[in-house]
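Scroll down for the structure; my scribbles are underneath it.
The values are calculated or read from the model by the stated rules, or taken from the named source; none is laboratory data. Here the structure is a predicted model, which is why all the values come from computation and not from measurement. Note that each Cβ is placed from the backbone with ideal geometry, even for glycine, and that neighbours are counted across all protein chains shown.
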Amino acid sequence: MGLFGDDKYCVICGSKSGFLGGLFWYDLADGSHLCSSCRDKCTPGELKFEAMTADAVKANIAFAAENKRKAVQEFRATRQLKAGAYRGRDCIEIDENHGWFKDMTHNNGWVYDLNDIYTFHMHLVTRRPQADETAKGIDWSNYQFDELPKYTEGDFLTEAKLKIYLMDNALGVTKVEVDLVPSWNPDDSELRGGYECAHEFYEFMRNFRNNQKMRLRRQ
Ligand SMILES: [Zn+2]
């Protein structure tokens with residue numbers, strides 16, 4: 001070991017730690033190392049690299065690549081749920097034939113399994129209007145479903161997300177957050193579009209689950 005005996009080599013791409021490659025490194029269970037750009041080739045969920053061997057990381061990267069391949073080559077949207085300006089913005093795409101969905105509001109392209117969803121809800125973030133700002137009153141009475149949250153009339157709504165929670169899955173993703181409104185402090189039509197998108201998803205999932213139950217009963 002010389003003066004630079006601390007150099008690490010990425011077990012995947014072979015790059016060497018140093019001035020350029022030394023941003024962030026992961027130590028693996030078998031004493032090998034992983035660079036941060038190869039970490040980005042892995043599945044998006046949290047990974048315990050200190051407990052993974054180089055072979056386990058390679059298998060994970062292959063799995064992630066397969067998901068991305070499916071996203072491009074096999075995923076065919078049979079439904080596009082839109083929200084915003086006014087409902088021209090693609091938020092969720094569903095491939096009913098495969099039972100898959102994608103979050104289109106984040107440019108990550110992962111394909112998730114509809115059967116992995118255990119619950120979802122709409123999440124709102126609001127802000128109290130300042131004294132010199134005009135409060136917005138919004139009538140949501142036409143957009144109610146069981147899991148729709150309420151917020152105090154007069155507050156500003158600054159964020160609306162559809163939070164979809166997933167059971168254990170190979171991607172390691174436990175929560176998908178779909179941005180239903182594209183802008184901060186959205187106008188009424190953007191919000192209404194967001195609600196309609198969430199409602200469509202709610203209706204779709206209700207039908208999807210009923211069909212799954214019928215299919216199971218027939219087996
Ligand atoms: Zn690397």
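Does the range 195-209 contain any residue that is assigned by TED's automatic domain parsing to the domain that holds residue 99, within 30 Å of residue 43 (Cβ to Cβ) and of a type in the set (Ser, Thr, Tyr)? Yes, the conditions are met somewhere in the range 195-209. Going by what's in this entry, would residue 54 be described as among the aliphatic types (A, V, I, L, M), at pLDDT 95 or above and in contact with a Lys or Arg (Cβ under 9 Å, 6 or more places away or on another chain)? For residue 54, the condition - among the aliphatic types (A, V, I, L, M), at pLDDT 95 or above and in contact with a Lys or Arg (Cβ under 9 Å, 6 or more places away or on another chain) - is not met. Where strands (runs of 3 or more DSSP E) sit wholly within the range 38-121, none has at least 3 residues that are surrounded by fewer than 17 Cβ atoms within 10 Å (Cβ to Cβ) and touching a helix residue (DSSP H, G or I) at 6+ places or on another chain (Cβ under 8 Å).
Scanning the range 29-54 for residues that are away from the ligand (no atom under 14 Å from the Cβ) and touching a residue at least 40 places away in the same chain (Cβ under 8 Å) turns up 43, 44, 45, 46, 47.
Okay, residues lined up against (1) outside any loop (DSSP other than H, G, I, E, B); (2) closer than 22 Å to residue 78 by Cβ; (3) modelled with pLDDT of 90 or more:
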| residue | (1), (2), (3) |
| --- | --- |
| 151 | no, no, no |
| 158 | yes, no, no |
| 164 | yes, yes, yes |
| 184 | no, no, no |
| 213 | yes, yes, no |
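Only one of the numbered conditions (1) modelled with pLDDT under 95; (2) more than 16 Å from the ligand (Cβ to nearest atom) is not met by residue 9, and that is (2).
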